[in-house]
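Peer 1: Sharing a structure here in structure tokens format.
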Amino acid sequence: MNKQMSKAKGSSSKQVDFSMIVKKAYERGLTENEMTLEKIIAELKSDLKSIIS
């Protein structure tokens, strides 16, 4: 039962991390003039890989 609770906590934490990563990318896309879609996608990939590993 403890493993299930810690697993649920871990996935909940990753969901919060994912939401924050997407929010950060969205805000940067709105505020930075030289931010391109390719740069946003590259940053998203990098940030998402960090929460997976």
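The values are calculated or read from the model by the stated rules, or taken from the named source; none is laboratory data. On a predicted model such as this, the values are computed, not experimentally measured, just so you know. Here Cβ is always computed from backbone atoms with ideal geometry, including for glycine, and neighbour counts include all displayed protein chains. Only protein heavy atoms, including side chains, enter the accessible area calculation; ligands, DNA and RNA are left aside. Shrake-Rupley method; radii C 1.70, N 1.55, O 1.52, S 1.80 Å.
Peer 1: Return the pairs, sorted by first residue and then second, in which the second residue is part of a helix (DSSP H, G or I) and of a type in the set (Val, Ile, Thr), the first residue lies in segment 19-34 and is surrounded by 13 or more Cβ atoms within 10 Å (Cβ to Cβ), the beta carbons are less than 9 Å apart, and the residues are 6+ apart or on different chains.
Peer 2: Cβ pairs passing all conditions: 21/51; 25/40; 25/41; 28/40; 29/40.
Peer 1: Something else now. Across segment 1-17, which residue is modelled with the lowest pLDDT among those that are open to solvent by less than 100 Å² (accessible area, probe 1.4 Å) and either more than 15 Å from residue 48 (Cα to Cα) or not basic (Lys, Arg) (or both)? Explain how you work it out, then say what you get.
Peer 2: Of all residues in segment 1-17, those open to solvent by less than 100 Å² (accessible area, probe 1.4 Å) come to 6, 8, 10-14, 16-17.
With the extra rule that they be either more than 15 Å from residue 48 (Cα to Cα) or not basic (Lys, Arg) (or both), the set shrinks to 6, 8, 10-13, 16-17.
On the way: 6: 44, 8: 47, 10: 58, 11: 65, 12: 72, 13: 76, 16: 77, 17: 82.
Restricting to residues being open to solvent by less than 100 Å² (accessible area, probe 1.4 Å) and either more than 15 Å from residue 48 (Cα to Cα) or not basic (Lys, Arg) (or both), the top hit is 6.
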